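Undergrad: The structure follows.
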Amino acid sequence: MNAGPAPARMTIGAVLARLQPDFPDVSISKIRFLEAEGLVTPSRTGSGYRTFSEQDVERLHYILSAQRDRFWPLKVIREALDALDRGLQPTGPGDGASRPTVPAAVLDPGLPTPQDLTRPSSLRLTAAELRQAAGLDEPTFAELTAFGLLRSDPTGHYGESALAVARAAGALSAYGIEPRHLRPFRTAADREIGLVQQVTSPIRGRGNAGRAPTGEDPTPEILALCIALHASLVRAGLAAQ
């Protein structure tokens with residue numbers, strides 16, 4: 001597969017032309033000074049000429065705005081740039097905050113919400129229908145059942161959650177992960193459910209006085225938070241590898 005075109009690079013003169021409409025007093029000397037201070041680090045060609053990326057221009061715009069609009073000294077700007085490089089968010093033009101801030105929490109669309117956990121499902125599959133929908137052969141289905149990964153309801157049918165488990169297990173089998181390898185997931189899930197039940201049972205017993213601010217049963221919200229915690233721990237562990 002061919003790589004896409006390399007990002008365009010700009011000369012210092014082109015950067016000056018980009019910045020001057022917003023900062024009429026900026027000069028080539030000013031840009032060179034900011035480079036000498038280590039606030040922007042353009043690349044160099046084989047002949048020694050500076051070339052700037054779009055990110056360099058954005059960085060210069062941030063620096064010049066901080067100097068003009070907030071009267072920040074270079075030390076404060078350097079600290080703010082370091083924060084931006086570490087993933088913090090810049091403050092907006094009219095924002096009272098003076099430094100980059102930690103990003104607001106964003107709900108992972110792949111994680112269930114409390115509403116998802118309490119949403120009723122009308123799906124009721126037989127064992128044969130579940131195997132066919134998930135692409136499982138009978139031995140694999142039997143192992144998933146034996147290890148407690150698939151559980152039917154009292155009528156012997158399987159719902160949406162069981163279908164999701166079966167499909168995930170079937171997809172993992174393509175990587176050599178067998179049902180016996182998945183037993184720790186069942187154990188971990190049961191422990192999490194047990195913990196939540198241990199916490200919420202006394203709350204439900206006290207009635208609305210001990211419930212969530214909405215007056216609703218807090219169990220789904222706590223379960224959703226536990227699932228989010230589990231996913232975050234996995235991501236953190238992978239990032240540390």
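Undergrad: Quick check on my filter: what residues within the stretch 123-145 are without any contact (Cβ under 8 Å) to a residue 24 or more places away in the chain and either closer than 12 Å to Pro179 by Cβ or polar (S, T, N, Q) (or both)?
TA: Gln132, Asp137, Pro139, Ala142, Thr145
Undergrad: If we only count helices (runs of 4 or more DSSP H) wholly inside the stretch 20-101, which ones have 3 or more residues that are open to solvent by less than 60 Å² (accessible area, probe 1.4 Å) and closer than 22 Å to Ala8 by Cα?
TA: Fully inside the stretch 20-101 and qualifying: 28-36, 54-70.
Undergrad: Name the pairs whose Cβ atoms lie under 9 Å apart, with the first residue in the stretch 61-76 and closer than 12 Å to Leu19 by Cβ, the second of a type in the set (Phe, Trp, Tyr), and 6 or more positions between them or separate chains?
TA: Every condition considered, the pairs that remain are His61/Phe23; Ile63/Trp72; Leu64/Phe23; Ser65/Phe23; Arg68/Phe23.
Undergrad: Looking at the structure I just gave you, is Gly148 in a loop (DSSP other than H, G, I, E, B), small (Gly, Ala, Ser) and out of contact with any Cys (no Cβ under 8 Å at 6 or more places or on another chain)?
TA: Yes, satisfied.
Undergrad: Can you tell me how many residues in the stretch 111-131 are surrounded by fewer than 15 Cβ atoms within 10 Å (Cβ to Cβ) and at pLDDT 95 or above?
TA: The qualifying residues number 3.
Undergrad: Out of everything in the stretch 173-189 that is open to solvent by less than 60 Å² (accessible area, probe 1.4 Å) and outside any loop (DSSP other than H, G, I, E, B), what residue ends up being farthest from Asp116 (Cα to Cα)?
TA: Once the filter is applied, the top-ranked residue is Pro179.
Undergrad: Consider Leu195 carefully, then state whether it is assigned to a helix (DSSP H, G or I), surrounded by fewer than 16 Cβ atoms within 10 Å (Cβ to Cβ) and either in contact (Cβ under 8 Å) with a residue 12 or more places away in the chain or aliphatic (A, V, I, L, M) (or both).
TA: Considered against the rule, which asks whether it is assigned to a helix (DSSP H, G or I), surrounded by fewer than 16 Cβ atoms within 10 Å (Cβ to Cβ) and either in contact (Cβ under 8 Å) with a residue 12 or more places away in the chain or aliphatic (A, V, I, L, M) (or both), Leu195 comes out as yes.
Undergrad: Looking at (1) surrounded by 14 or more Cβ atoms within 10 Å (Cβ to Cβ); (2) outside any helix (DSSP H, G or I); (3) not hydroxyl-bearing (Ser, Thr, Tyr), can you tell me which one Gly156 breaks?
TA: (1)
Undergrad: For Arg167, are the conditions met, namely being open to solvent by 60 Å² or more (accessible area, probe 1.4 Å), under 25 Å from the mean Cα position of the chain (by Cα) and charged (D, E, K, R)?
TA: Yes, satisfied.
Undergrad: Another one. Among all residue pairs at least 6 apart or on different chains, which show Cβ distances below 7 Å where the first residue, located in the stretch 225-239, is surrounded by 10 or more Cβ atoms within 10 Å (Cβ to Cβ) and the second is β-branched (Val, Ile, Thr)?
TA: Cys226/Val196
The values are calculated or read from the model by the stated rules, or taken from the named source; none is laboratory data. This structure is a prediction, so every number in the text was calculated from the model and none was measured. Counting neighbours? That spans all protein chains shown, and the Cβs are built from the backbone with ideal geometry, glycine included. Surface accessibility is based on the protein's heavy atoms, side chains included, excluding ligands, DNA and RNA. Shrake-Rupley method; radii C 1.70, N 1.55, O 1.52, S 1.80 Å.
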